[in-house]
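Asker: First, the structure itself, so that you have it in front of you.
The values are calculated or read from the model by the stated rules, or taken from the named source; none is laboratory data. What you see is a predicted model, and the numbers here were worked out from it, not measured in a lab. Virtual Cβ from ideal backbone geometry, glycine too; neighbours counted across all protein chains shown. Areas reflect the complete protein model, heavy atoms only, side chains present, ligands, DNA and RNA absent. Shrake-Rupley method; radii C 1.70, N 1.55, O 1.52, S 1.80 Å.
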Amino acid sequence: MSTFSQIETVLLDDAYSAIVILDQTKLPGACEILHLHTQPEIHDAIYRLCVRGAPAIGITAGMAYYLAAKEHVTANPEITPDMLTAALKADKAYMASSRPTAVNLFWALDRMERVYLANREKDNAEILALLRTECEEIRAEDIRVCRAIGEYGLSLVKPGDGILTHCNAGRLAAAKYGTATAPIYLGHERGYNFHVFADEPRPLLQGACLTAYELHEAGVDVTLICDNMSSAVMKQGLVQAIFVGCDRVAANGDTANKIGTSVVACVARQYGVPLYICAPTATIDMNCPTGADIPIEERKPEEVTELWYETRMAPDGVKVYNPAFDVTDASLIAGIVTEYGIAYPPYKEAFEAIFARKAAGEAIIGEESAQ
Ligand code: MRU
């Protein structure tokens, strides 16, 4: 059995001017493919979590920017650079409003805008070709980056270990390996025989619907637990390491990830289990000094009160608080695994060193084997 499903998370279908995604709201029951053509369709798919997870959101946003430019140029071949610049600025602001926490969304849109602005005086066909290459590169780069994170992550564990992961930072959240699942997939290919616990975060259950689904499909030994069970498995000594993803890492190492990650981190500290954040540099926001500066998405109360139930399970009119993410304090994090190696405290200095290597164009580990 091949480790990876043949169904891609996000692809650009340029011939049909569409982003093709696997609708994650339908998993694990059905593999439904969506073709997103318009900016509102793409915005809605991100907001409704049809495509979700920080890297996949960034990849989708990059493709959305390209499709927006293509739409303007096709509708009006005489469009001037000023008109196109104004139109793309509005499209970018609109797409940026789809979700607030994953910095990859803004990172990808800024990256696409930089390419556009540097080339805005060129002819339209050339601009479109450059934008298409850039959004495809964001996707291809994610595969290389996640694989490198997998190599570094794998160096932190040993064969037979129990590994806990929270929410879904897997292939469904990225282009291929995922971030937190990358060490698991590489270990699986190398016969490490990990025992993985997929922590199911309420209210949306990404651990159950997505992580348990993709790891089970890949033949990994995975056990699903509700997100109030992580203490039980850690207390029994069943977990040697925790790998989680992130939506935004602040400059001091504070990390926003799916709601409940900070609970896992507190429990892990109690039982001496190291918690590692798997973070592509695209998810590290040096403009955000601490976790208190990270905007946290709040979602509809109905996700808590009735989403999975035949009948509503909470009294009508009761107040509901539904933050989609929480911030894990840097002090609870054993290390932050990036494509340039593992950052250890003090994180700000470690990140500065990593970004200097990135700016110098240093190659990342295993680039040649990642496609
Ligand atoms: O609300 P979601 O499903 O988009 O939240 C996803 C997470 O919290 C992931 O852990 C994070 O985006 C990292 S994905 C590699």
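Asker: How much of the calculated P(r) for segment 152-370 lies past 28 Å, in percent of all Cα pairs?
Answerer: Numbers: 6765 of 23871 pairs.
In whole percent, the share of Cα-Cα pairs in segment 152-370 beyond 28 Å is 28.
Asker: Considering the chain as a Gaussian network with a 10 Å cut-off on Cα pairs, which listed residue, Arg171, Arg299, Arg312, attains the greatest mean-square fluctuation?
Answerer: Arg312
Asker: Could you tell me which residue out of Asn124, Phe4, Asn257 lies farthest along the dipole of the chain toward its positive end? Charges go on the beta carbon: Lys and Arg +1, Asp and Glu -1, centred on the Cα centre.
Answerer: Asn257
Asker: Treating the angle as unsigned and between 0 and 90°, give the value, to the nearest 10°, between the Cα long axis of helix 103-118 and the longest Cα principal axis of the chain.
Answerer: With both axes taken from Cα atoms, the answer is about 20 degrees.
Asker: Could you estimate the translational diffusion coefficient of the chain from the Stokes-Einstein equation, with Rh from the Kirkwood formula over C-alpha pairs, at 20 °C and 1.002 mPa s, in whole µm²/s? Walk me through the intermediate numbers first.
Answerer: Working: Rh = 20.9 Å.
Estimated via Stokes-Einstein, D reaches 102 µm²/s.
Asker: Sort the following peptides by mean Cβ neighbour count (other Cβ atoms within 10 Å, averaged over residues), highest first: 55-63, 345-353.
Answerer: Numbers: 55-63: 29.2, 345-353: 16.2.
Going from most to least packed, we get 55-63, 345-353.
Asker: Taking 2.2 N^0.38 Å as the expected size of a compact globular protein, what ratio does the Cα radius of gyration of segment 4-145 give against it, to two decimals? Kindly include the intermediate steps, with their values, before the conclusion.
Answerer: Working: Rg = 14.6 Å, N = 142, 2.2 N^0.38 = 14.5 Å.
So the Cα radius of gyration is 1.01 times the expected 2.2 N^0.38 Å.
Asker: Got a number for carbon plus sulfur as a percent of segment 39-91's accessible area, 1.4 Å probe?
Answerer: Numbers: 1170 of 1910 Å².
Carbon and sulfur: 61 percent of the exposed surface of segment 39-91.
Asker: So what is the calculated 222 nm ellipticity per residue for the chain, using -39500 (n - 2.57) for each DSSP H run with n of 4 or more, over all residues, to the nearest 500 deg cm²/dmol? Before the final figure, lay out the partial values.
Answerer: On the way: 11 runs with 141 residues, N = 371.
Rounded to the nearest 500, it is -12000 deg cm²/dmol.
Asker: Give the angle, between 0 and 90 degrees and rounded to the nearest 10, that separates the Cα long axis of helix 81-96 from the longest principal axis of the Cα atoms of the chain.
Answerer: Approximately 20 degrees, to the nearest ten.
Asker: Which entries of Lys235/Lys319; Lys258/Lys348; Lys176/Lys358; Lys122/Lys176; Lys26/Lys319 have Cα-Cα distances beyond 31 Å here? Write down the numbers at each step before the final one.
Answerer: Details: Lys235/Lys319 33 Å; Lys258/Lys348 22 Å; Lys176/Lys358 22 Å; Lys122/Lys176 34 Å; Lys26/Lys319 28 Å.
Check vs 31 Å cut-off fails for Lys235/Lys319; Lys122/Lys176.
Asker: What's the Kirkwood radius of segment 227-327 in Å, using all Cα pairs? Walk me through the numbers before you get to the answer.
Answerer: Details: mean 1/r = 0.0650 Å⁻¹.
In segment 227-327 this quantity evaluates to 15.4 Å.
Asker: Moving on to the next point. Using the Cα centre of segment 118-162 as the reference point, and only Cβ charges (+1 on K/R, -1 on D/E), how large is the resulting charge dipole? Debye, rounded to the nearest 20. Show your work: numbers first, answer last.
Answerer: On the way: 7 positive and 10 negative charges, 36 e Å.
Dipole of segment 118-162, to the nearest 20 debye: 180 debye.
Asker: How big is the dipole moment of segment 152-370 about its Cα centre under a simple scheme where the beta carbon of each Lys and Arg is +1, that of each Asp and Glu is -1, and everything else is neutral? Debye, nearest 20, please.
Answerer: Numbers: 16 positive and 27 negative charges, 74 e Å.
The calculated dipole for segment 152-370 is roughly 360 debye.
Asker: Specify the angular offset, from 0 to 90 degrees and rounded to the nearest 10, of the alpha carbon long axis of helix 261-271 from the longest principal axis of the alpha carbons in the chain.
Answerer: 30
Asker: With +1 on the Cβ of every Lys and Arg and -1 on the Cβ of every Asp and Glu, and nothing else charged, how large is the dipole of segment 110-219 about its Cα centre, in debye rounded to the nearest 20? Write out the running numbers ahead of the final one.
Answerer: Details: 13 positive and 17 negative charges, 39 e Å.
It comes to approximately 180 debye.
Asker: Follow-up question, since we're still on this one. Report, please, the projected area of segment 90-237 averaged over directions, based on the convex hull of its C-alpha atoms, in nm². Each step should come with its number before you reach the end.
Answerer: On the way: hull surface 42.9 nm².
Projected area, direction-averaged: 10.7 nm².
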